[in-house]
Amino acid sequence: MNSLKNLGLHVVKANVYLDSSGKHNRFAITNRYTGRKIDDPELLETIRLTIINNMLQYHPESSSQLAMGATFGVEPPEQKVDVDIATRINIYGDGPNRSLLVVETADRPGLLVDLVKIITDINITVQSGEFDTEGLLAKAKFHVSYRNKPIGMSLQQVLSNSLRYFLRRPTTEDASF
């Protein structure tokens, strides 16, 4: 809490709950001086690194859980964690001139660039977007259109199939070795 306070933050709400995957802590943090939520990407990254560094310093046993399968911190995980996150793609009407594309998939480096490239490769215009990550899950929302109109059903199917193809989990055949 002191580390967050030193960053000029204020914890306005904290929830601790248990479920089948373990104990979870969720904090609502605001800027101490303005009272507004944190939306600056650099400050969000600083908060994330501060939390990770504190976990490693005060709870070194947690390093294997923070690693999510990669060597990280003092203690590497006993076995690599296999995270299989289902890809979800939904397209909704969003007014007379555009559609809303919602994609949830496993996060990885370069994902946002790949998503926009896939969308624009089939001549769909990305008007605006919002991208967020929650742990290993990436959530993207794009306001898209085709020739300044909402995306029709057949083009929705093409877009959905293209995204599913490029976002599928890569597999390697044993015979390829």
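So the values come out like this:
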| quantity | calculated |
| --- | --- |
| Filter result (in contact with a Gly (Cβ under 9 Å, 6 or more places away or on another chain) and open to solvent by less than 100 Å² (accessible area, probe 1.4 Å)) within region 33-49 | Leu43 |
| Qualifying positions in region 101-139 - in contact with a strand residue (DSSP E or B) (Cβ under 9 Å, 6 or more places away or on another chain) and in a helix (DSSP H, G or I) | Leu111, Leu112, Leu115, Val116, Ile119, Thr120 |
| Members of region 9-19 that are surrounded by 13 or more Cβ atoms within 10 Å (Cβ to Cβ) and touching a Phe, Trp or Tyr at 6+ places or on another chain (Cβ under 8 Å) | Val11 |
| Any pair with Cβ under 9 angstrom, 6 or more apart, that starts in region 42-55 at a residue that is in contact (Cβ under 8 Å) with a residue 40 or more places away in the chain and ends at one that is loosely packed, with under 12 Cβ neighbours inside 10 Å | Thr50/Asn6 |
| Hits in region 106-155 - residues which are surrounded by 11 or more Cβ atoms within 10 Å (Cβ to Cβ), hydroxyl-bearing (Ser, Thr, Tyr), modelled with pLDDT of 90 or more and more than 15 Å from Phe166 (Cα to Cα) | Thr125, Ser145, Tyr146 |
| Scan of region 1-48 for residues that are part of a helix (DSSP H, G or I) and either closer than 18 Å to Asp132 by Cβ or polar (S, T, N, Q) (or both), ordered by number | Asn2, Ser3, Asn6, Pro41, Glu42, Leu43, Leu44, Glu45, Thr46, Ile47, Arg48 |
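The values are calculated or read from the model by the stated rules, or taken from the named source; none is laboratory data. Owing to the predicted nature of the structure, the values given are computational and were not obtained by experimental measurement. Note that each Cβ is placed from the backbone with ideal geometry, even for glycine, and that neighbours are counted across all protein chains shown. Surface accessibility is based on the protein's heavy atoms, side chains included, excluding ligands, DNA and RNA. Shrake-Rupley method; radii C 1.70, N 1.55, O 1.52, S 1.80 Å.
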